[in-house]
Amino acid sequence: MPEAILDPELPIIDPHHHLWDRRTYATPTVTEHPFMTAIQPAPRYLLDELIADTGSGHNVIATVFLECGAFYKADGPEAMRPVGETEFVNGVAAMSASGMYGDFRACAGIVGKADLLLGDGAKAVLEAHVRAGGGRFRGIRNSASWDADKDVLGPLNRVEQGLYLDRTFREGFRHLGPMDLSFDAWLLEPQLPDLTDLARAFPGTTIVLDHVGTPLGRGVYEGRLSERFPVWRDSIRELAKSENVSVKLGGLAMAFCNFPSFLAEPRAPSQQLADEWRPYIETCIEAFGPDRCMFESNFPVDMGACDYATLWNAFKRLAAGASADEKTALFSGTARRVYRLDV
């Protein structure tokens, strides 16, 4: 039986979700890999599916789309092909902004992909995204996720070690701040010091750490979440000293973390999710403060542990002791400010 919705009137801006049809951007050998099925449990997640989730009981007023390699252009210069994703998402956002689906505003902000290893050549790609975004384009994400144990990421082993430290990458990164664009960072817990170094090198650029830095419980890290927690905590506290960095509270339902709730049957209730995730969420809020933290769904990826309504119930349980102002920041205010949303 579905859980009752907690605090159903609380406004939510979901600052991290994807849209995809896996057939459009991945080869069969990748999409059929069992690990990819675990981390991408919904083969199709487009506007209809997003509306069904955001309309499942919580007061979700707007969302931010995060790049996921979907709907790239089929031809043209390789560097420009990710602009197709922004074109597609802007169309989805325009559909939602028509009001035909109610007051909810899907994809009010768009975070795309531009390969910063292009160095100064990345600027032209960023400019193309801005043109394609219809006033909604807010920044980019480049994943630096890497581990020496290839079983940790499976088919997602796509970058070399030390991306955020790379000189050419930083030549591309330097264009973000002057263009008022933000940077979403996805990396794994042992790599957090790389992001701290990047944030200190570019204090004028807004950086968002995705998924609380992805604690690891897979591959050589299996069964070691508790052991690694102090290492993760110290890295988070050091990163939080850079005031240009905010953090997304979520992504803990992913396969990489491998909490007991992942793929559990029967599905874990929101109280179990809150109990499992509490040390990570509370550490981030303590380190960054509510005004630099935002709860995220990471859907449909986090469908691996729960449905959308249960996920937000878990977050509301975690924020139960917060003040009204703190809840506003955590559930909508930080996302509105960081992504400059007029909703």
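General remarks:
- In the range 162-195, the qualifying residues are those that are open to solvent by less than 10 Å² (accessible area, probe 1.4 Å) and hydroxyl-bearing (Ser, Thr, Tyr), and the one that is farthest from the chain's Cα centre (by Cα) is Tyr164.
- Within the range 87-133, restricting attention to residues that are open to solvent by less than 60 Å² (accessible area, probe 1.4 Å) and in a strand (DSSP E or B), the residue that is farthest from Asp342 (Cα to Cα) is Gly112.
- Restricting the range 214-266 to residues that are acidic (Asp, Glu) and in a loop (DSSP other than H, G, I, E, B), the residue that is nearest to Phe299 (Cα to Cα): Glu265
- Of all residues in the range 217-238, those that are without any contact (Cβ under 8 Å) to a residue 40 or more places away in the chain and aliphatic (A, V, I, L, M) have Cβ atoms under 7 Å from Cβ atoms of residues that are surrounded by 15 or more Cβ atoms within 10 Å (Cβ to Cβ) and not in a helix (DSSP H, G or I), 6 or more apart or on another chain, in Leu225/Pro215; Leu225/Gly217.
- Where Gly84 falls short, out of the listed (1) buried (at least 17 other Cβ atoms within 10 Å of the Cβ); (2) outside any helix (DSSP H, G or I): (2)
Rundown of residues vs (1) without any contact (Cβ under 8 Å) to a residue 60 or more places away in the chain; (2) part of a helix (DSSP H, G or I); (3) under 12 Å from Leu273 (Cβ atoms), yes/no style:
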residue: Ala314; (1), (2), (3): yes, yes, yes
residue: Glu326; (1), (2), (3): yes, yes, no
residue: Ala329; (1), (2), (3): yes, yes, no
residue: Ala335; (1), (2), (3): no, yes, no
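- Residue match in the range 156-177 (condition: part of a helix (DSSP H, G or I) and at pLDDT below 95): yes
- Residues of the range 52-79 classified as in a helix (DSSP H, G or I) and either modelled with pLDDT under 95 or crowded, with 17+ Cβ neighbours inside 10 Å (or both), total: 2
- So Asp302, is it in a helix (DSSP H, G or I), among the acidic types (Asp, Glu) and open to solvent by less than 10 Å² (accessible area, probe 1.4 Å): yes
- Every condition in (1) outside any helix (DSSP H, G or I); (2) touching a Cys at 6+ places or on another chain (Cβ under 6 Å) is met by Met294 except one, and the failing one is (2).
- Residues in the range 134-161 that are surrounded by fewer than 21 Cβ atoms within 10 Å (Cβ to Cβ), within 20 Å of the chain's Cα centre (by Cα) and small (Gly, Ala, Ser): Ser143, Ser145, Gly154.
- Hits in the range 244-279 (condition: over 19 Å from Asp307 (Cα atoms) and open to solvent by 10 Å² or more (accessible area, probe 1.4 Å)): Asn244, Pro279
The values are calculated or read from the model by the stated rules, or taken from the named source; none is laboratory data. Note that the coordinates shown come from a computational prediction; the quantities given were computed from them, not determined experimentally. Here Cβ is always computed from backbone atoms with ideal geometry, including for glycine, and neighbour counts include all displayed protein chains. Heavy atoms of the whole protein, side chains included, go into the accessibility calculation; ligands, DNA and RNA do not. Shrake-Rupley method; radii C 1.70, N 1.55, O 1.52, S 1.80 Å.
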